[in-house]
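A quick write-up on the structure given underneath.
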Amino acid sequence: MFIAMNRFRVVPGFEEAFETIWRERKRHLAEMPGYLEFHMLKGAKADDHTLYASHTVWATKDDFTAWTKSEQFRAAHANAGNNRGKVEYLSGPHFEGFDVIIHEGKDGQDHPVAA
């Protein structure tokens, strides 16, 4: 398994616009082989930003890489430039990718992960 995350630091007052953009966008993730799930996470507020993280889970890192090179990826990100001015960020998204080395299911048991 592979988890891909982007962290966003949204300037105070732009949280609602940021969340609306993500709720309304067509993500196209489910069209991709190896896609498992997506979460948009809202974190702590600081004086100068609210932290958000997008979180996708993939069967393999290769599946994620294929997504980043796909037509679906381009379609999902096609309108990103149109959102300038609607949301202000402290900086651009910060990507982090993780290979899953331990996976415990809701049954409390460890499940195999790809090496």
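The values are calculated or read from the model by the stated rules, or taken from the named source; none is laboratory data. Small disclaimer: the values here were computed from a predicted structure and weren't measured. Reconstructed Cβ throughout: ideal geometry from the backbone, glycine too, with neighbour counts over all protein chains shown. Protein only, heavy atoms only, side chains kept; ligands, DNA and RNA dropped before computing areas. Shrake-Rupley method; radii C 1.70, N 1.55, O 1.52, S 1.80 Å.
Before moving on, here are some points about what is shown:
- Calculated from backbone phi, Karplus (6.51, -1.76, 1.60) coupling profile of the stretch 24-30 in Hz, x at Gly/Pro: 8, 6, 7, 8, 6, 5, 5
- When the Cα gyration tensor is reduced to axis lengths a ≥ b ≥ c, the ratio a/c is 1.5 or higher for the chain, and with a/b not above b/c it is classed as oblate.
- Cβ-based net charge around GLU24, under 13 Å, with every Lys or Arg adding one and every Asp or Glu removing one: +3
- For TYR35, the amide hydrogen comes within under 5 Å of the amide hydrogens of ALA59, counting only partners 5 or more places away or on other chains and with H modelled in the peptide plane.
- Rounded percent of accessible protein surface that carbon and sulfur make up, the chain, 1.4 Å probe: 52 percent
- When both bridge partners sit in the chain, DSSP labels roughly 95% of those beta bridges antiparallel.
- Entry comment: accessible area of the chain is 67 Å² per residue, from protein heavy atoms only and a probe of 1.4 Å.
- Relative contact order [Cα under 8 Å, 6+ residues apart], the stretch 2-110, whole percent: 43 percent
- Over the chain, DSSP H runs of length four or greater, each weighted -39,500 (n - 2.57), average out per residue to a 222 nm ellipticity of -6000 deg cm²/dmol.
- The stretch 15-39 residues near the modelled VAL113 label - backbone nitrogen below 20 Å, point 7 Å along Cα→Cβ: 34-39
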